[in-house]
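Report on the following structure.
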């Protein structure tokens, strides 16, 4: 995805073994996020479990949370290391999670295969051009049923575009080996819309720290830009929600 498929894949391949360390309690985050998403997707249409594609499943945070609530979930992700970890993590928690290694611009699923597609954790902004974002959204629309639902989460880029932050506050998680500290540095491009991210994790190592750094690039899409791209890609009823840890929108395939 984005400017270089290899660079994004490498970023998540390298991060996958440590990804859970960004959460104070990964299992609690799975349960909490699964519950929020379930409340959005279960009522539309009807009341039963859904066939769900998590097209940026990573290590499985949202996909496992939804599977544990009874939904039939399939995952896909650009990173084979993250995808493999998602399968193992699901099995360890008593649920089945079939996963494909796939670019979200080229989803390997049949048309109208899913009731819901989830694209969470700021995955879409790895795509750095309107053409690539539209390719992903058009592909998502193709695999959704006509009465299906897209659920997408991104950072609050409206605020970030105004303030141009250069770093995120450190997050601290507690492990059996001690505290893990995670933070990011943001290096904005001259266009004011894209930025290179350095993701730092300080992991206890003996009397000191092991410093792990991964790098990638994002497009800081505003709500207006993303809504326009969704409309161009065949979606309607774009609705923003405030019930998640980052801005979340839902949208439906446009008729016709």
Item to complete: Take residue 35, project a point 7 Å from its Cα along the Cβ direction, then tell me which residues of region 59-78 have their backbone nitrogen under 14 Å from it.
Response: 65-66, 69
Worksheet entry | Separation of the residue 179 and residue 231 label points, Cα + 7 Å toward Cβ, nm | 4.7
Worksheet entry | Full-extension gain in nm, residue 88 to residue 239, via 0.36 nm per residue minus C-alpha separation | 51.0 nm
Worksheet item: To the nearest whole percent, what portion of all C-alpha pairs in region 112-197 is separated by more than 20 angstrom?
Response: 52
Discussion item. Sort 215-222, 120-127 by the packing proxy (mean of other Cβ within 10 Å over each peptide's residues), most packed first.
Written reply: 120-127, 215-222
Worksheet, complete the sentence: Of the convex hull drawn through the C-alpha atoms of region 158-219, the volume per residue in Å³ is 86
Worksheet item: Using the Cα gyration tensor of region 1-95, with a ≥ b ≥ c the square roots of its eigenvalues, what is the shape: rounded (a/c below 1.5), prolate (a/b larger than b/c) or oblate (neither)?
Response: prolate
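The chain: Rg/Rh from Cα coordinates, Kirkwood Rh?
On the Cα set of the chain, Rg over Rh gives 0.95.
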Worksheet, complete the sentence: Simple SL model, points at 7 angstrom along Cα→Cβ for residue 167 and residue 254; separation in nm is 4.4
Worksheet, complete the sentence: For region 20-65, one quarter of the surface area of the C-alpha convex hull, expressed in nm², comes to 3.4
Practice prompt. Show that you can apply the helix-only estimate: for the chain, add -39,500 (n - 2.57) for every DSSP H stretch of four or more residues, divide by all residues, and state [θ] at 222 nm to the nearest 500.
Written response: -9500 deg cm²/dmol
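Each reported figure results from applying straightforward, stated rules to the coordinates on display, with no laboratory input. As the structure is a computational prediction, the values presented were derived from the model and not from experiment. Every residue, glycine as well, gets a Cβ built from its backbone with ideal geometry; the counts of neighbours run over all protein chains shown.
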